[in-house]
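The values are calculated or read from the model by the stated rules, or taken from the named source; none is laboratory data. Because the structure is a prediction, the values reported are computed rather than measured. Because the Cβ atoms are built from the backbone with ideal geometry, glycine has one as well, and the counts that use them run over all protein chains shown. Just the protein is used for accessible areas: all its heavy atoms, side chains included, with ligands, DNA and RNA removed. Shrake-Rupley method; radii C 1.70, N 1.55, O 1.52, S 1.80 Å.
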2 protein chains.
Amino acid sequence: MKTLFFYTCLLGMLLIFSGCRQEQNTAENPQSNQTEPQQPKQQKFAIAIHGGAGDIQRGQLSDSLENAYKAKLKEAITTGYRLLKNGGTAVEAVQKTINVMENSPLFNAGKGAVLTHNEHVSMDASIMDGRNLNAGAVAGVSHIKNPIDLAIAVMKKSKHVMLADVGAEQFAMEQGFDTLPESYFITQRQLDNVRRVKKFESNKSAVFYDPVLGAEKLGTVGCVALDKNGNLAAGTSTGGMVNKRYGRIGDSPIIGAGTYANNKTVAVSCTGWGEYYIRGVVAYDMSALMQYKVLSVSEATHKIIHEKQPKLGGTGGIIALDHYGNVSLDFNTPGMFRAKMDQNGNLEIAMYEKKGE
Amino acid sequence: MKTLFFYTCLLGMLLIFSGCRQEQNTAENPQSNQTEPQQPKQQKFAIAIHGGAGDIQRGQLSDSLENAYKAKLKEAITTGYRLLKNGGTAVEAVQKTINVMENSPLFNAGKGAVLTHNEHVSMDASIMDGRNLNAGAVAGVSHIKNPIDLAIAVMKKSKHVMLADVGAEQFAMEQGFDTLPESYFITQRQLDNVRRVKKFESNKSAVFYDPVLGAEKLGTVGCVALDKNGNLAAGTSTGGMVNKRYGRIGDSPIIGAGTYANNKTVAVSCTGWGEYYIRGVVAYDMSALMQYKVLSVSEATHKIIHEKQPKLGGTGGIIALDHYGNVSLDFNTPGMFRAKMDQNGNLEIAMYEKKGE
């Protein structure tokens, strides 16, 4: 009986002690939970995109518009996928993927960007290279076809991270960028839209109205990529809010708010109500939650999108990709234009609440 | 004997289990390490300021200039201290304290701000209220006497967080702000300085040269305060880099980079090479390290200033104040203009490497 008690107690102690050690290990090693068997195994490369979050609901879009969105999302992500497959860098994949969406009037970035109160375009973009934490951003540019390209030039060719307005365009011209007249960017649909919003500007929600979608949308495009060398990158490009005034800068060109990438943790691009994303320092918070609190990429997006942002009042979405190729596409709006593609070419495109649609 | 074994084992299990729970509690409660006996006990209010970090070395300044700096730092911090003592809010204390430094040509903010390549002023400022995570920021303003006041107006009177350039000034005028001609801000010393820098602009370090100090300085002013209601606030104001071009935006007006405050953790204002502070998301990283990694305020500043920023290549300093009134003023440059004051009116002003000078 004595022996039985002894072994029972010893076993109990060992079990508790072992549980205790496991807790400690998890807390000390920021990546330890990602080597557990239940996690997907390491992938060589991966890519994910978003084209904005908002009131995107089934039955709202015509079949032809839905197909147009899906086709453009597919064209964008496969552009980046092919680059990665051929050994391109994560930064290149992010750039070329975003270019496709910037060049399409379906999305609020580049051509077809929403218009300011004065009926101008004022576009923002940012890029971050997770390999060395280099970053570049531009805010308030009006004549650059692909703002993400200018953000990359700021990162690679200037000693600065963030350039704004005419100064940013002056830098672009010195770097050999072509400038375009604003008429290239301005579509009749967006012109009608801003005029409509101006009539009803006391209605706060109107500033996010998207005339292509025919509903409220927090418009941005973004891409996160992991290349064959294990490097992560993230980029975001946007026309901002309809009817914006006063040189408003949202989260998209702010490193840590709308965009962040770090090879140690995650690449993140956000789309949402920019002010709340700035106050929540959302993109970097993803990295901090994963590095310091040992959350997985999906636990971190869930915490921010379904706990922290709603508490603050923010709506929108996040796309995130960790350095094992695990992807999380999360949002607290009815829908988010999104797609992801793994190294085997498995493509998922979705728009509404449930995945795989 | 059986009973003895039983109780011995039970005691052992309880001890281990209790140790295990303690570990878990520490990891779950972001502030738990600050209630340990070795920590200073809770203070009712406190304030700290910086006036820029840089090559500030003993024997470099004339006695009269050193005294002028000390007198102005004292005037600034006691302004905020009196407000806090009389029940003022942390935001008010930060504002009025920074105003004193903005109005003095000794510091690179407001009057006497450094000049851009085109010999203009282009000032940035930001504020964050730790009570509700509200924030406001302005970038590139040229006619507003106290940019921190405009940042506060953005926080309180607009639905935005960040406004830039002429748009920000238009908002200021609509809010009843007086505008001043640029001649108010431009001192002969700064005019001579930017012309000197332009001659030698291939010398990278020249962009941080401070003509008042006669040495390299990363110029900003900042303040963190804790009021009697336990609310934290942080603010930063700057003229940016000498000879800056292309509408460059540094860390000072970026929430999460140059400024952050959260009642749960810490109020932070940074002064340093802005690009590195943006890439490090330094101000929010302070909060994340304290909340998620359970570091104390001084452990967090040490980790960033002496480990993370040097690894990235960044130089500068941080002032931080937690919600118990614990202050950390840390920097990796030879000196930093700084001061702190506790609720009992104990004032410490320092400039060089060691404290209390």
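Values for this structure:
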quantity	calculated
Number of positions in the stretch B:320-341 that are part of a strand (DSSP E or B), among the small types (Gly, Ala, Ser) and more than 12 Å from B:Cys223 (Cβ to Cβ)	2
Boolean, A:Leu163 is more than 14 Å from chain B (Cβ to nearest Cβ) and either under 17 Å from A:Met123 (Cβ atoms) or open to solvent by less than 30 Å² (accessible area, probe 1.4 Å) (or both)	no
Selection status of B:Thr97, among the β-branched types (Val, Ile, Thr), under 27 Å from B:Phe200 (Cβ atoms) and crowded, with 22+ Cβ neighbours inside 10 Å	no
Matching entry among A:Val100, A:Val141, A:Val154 (being among the hydrophobic types (A, V, I, L, M, F, W, C), out of contact with any Cys (no Cβ under 6 Å at 6 or more places or on another chain) and more than 14 Å from every other protein chain (Cβ to nearest Cβ))	A:Val100
Some residue of the stretch B:190-197 being at pLDDT 90 or above, over 21 Å from B:Gly51 (Cα atoms) and among the charged types (D, E, K, R)	yes
B:Phe200 vs. criteria surrounded by fewer than 24 Cβ atoms within 10 Å (Cβ to Cβ), without any contact (Cβ under 8 Å) to a residue 12 or more places away in the chain and either over 21 Å from B:Leu106 (Cβ atoms) or within 14 Å of chain A (Cβ to nearest Cβ) (or both)	yes
Of the criteria (1) open to solvent by 10 Å² or more (accessible area, probe 1.4 Å); (2) within 16 Å of B:Ile278 (Cα to Cα), which one A:Gly136 fails	(1)
Looking only at the stretch B:264-305, and only at residues there that are more than 11 Å from chain A (Cβ to nearest Cβ) and assigned to a loop (DSSP other than H, G, I, E, B), the one that is most open to solvent (accessible area, probe 1.4 Å)	B:Lys264
Residue count for the stretch A:98-125, restricted to those that are within 17 Å of A:Gly80 (Cβ to Cβ) and assigned to a strand (DSSP E or B)	1
Condition met for A:Val224 (within 19 Å of the chain's Cα centre (by Cα) and at negative phi)	yes
Hey, A:Gly112 at positive phi, of a type outside the set (Ser, Thr, Tyr) and surrounded by 18 or more Cβ atoms within 10 Å (Cβ to Cβ) or not	yes
Residue within the stretch B:320-336 that is within 10 Å of chain A (Cβ to nearest Cβ) and aliphatic (A, V, I, L, M) present	no
Subset of the stretch A:342-357 (residues that are within 21 Å of A:Phe107 (Cβ to Cβ), open to solvent by 20 Å² or more (accessible area, probe 1.4 Å) and part of a strand (DSSP E or B))	A:Leu347, A:Glu348, A:Ile349
Qualifying positions in the stretch B:240-263 - free of Cβ contacts under 8 Å to residues at least 40 places away in the same chain and either surrounded by fewer than 24 Cβ atoms within 10 Å (Cβ to Cβ) or facing chain A (nearest Cβ under 7 Å) (or both)	B:Tyr246, B:Arg248, B:Gly256, B:Ala257
Yes/no for B:Phe177 being in contact with a Lys or Arg (Cβ under 9 Å, 6 or more places away or on another chain), of a type in the set (A, V, I, L, M, F, W, C), under 25 Å from B:Ala90 (Cα atoms) and not in a helix (DSSP H, G or I)	yes
Yes/no for A:Ser62 being surrounded by fewer than 18 Cβ atoms within 10 Å (Cβ to Cβ) and either in contact with a helix residue (DSSP H, G or I) (Cβ under 6 Å, 6 or more places away or on another chain) or over 20 Å from A:Tyr260 (Cα atoms) (or both)	yes
Hey, B:Glu119 in contact with a Leu (Cβ under 7 Å, 6 or more places away or on another chain) and closer than 28 Å to B:Val166 by Cβ or not	yes
Residue under evaluation A:Glu174, criteria (1) at the interface with chain B (Cβ under 10 Å from one of its Cβ atoms); (2) in contact (Cβ under 8 Å) with a residue 24 or more places away in the chain; (3) of a type outside the set (Val, Ile, Thr); (4) surrounded by fewer than 20 Cβ atoms within 10 Å (Cβ to Cβ), criterion not met	(2)
Residue check for B:Ile148: part of a helix (DSSP H, G or I) and closer than 30 Å to B:Arg196 by Cα	yes
Residue in the stretch B:177-190 that is open to solvent by 10 Å² or more (accessible area, probe 1.4 Å), within 14 Å of chain A (Cβ to nearest Cβ) and touching a residue at least 24 places away in the same chain (Cβ under 8 Å) present	yes
Odd one out for A:Val207, checked against (1) at pLDDT 95 or above; (2) out of contact with any Phe, Trp or Tyr (no Cβ under 6 Å at 6 or more places or on another chain)	(1)
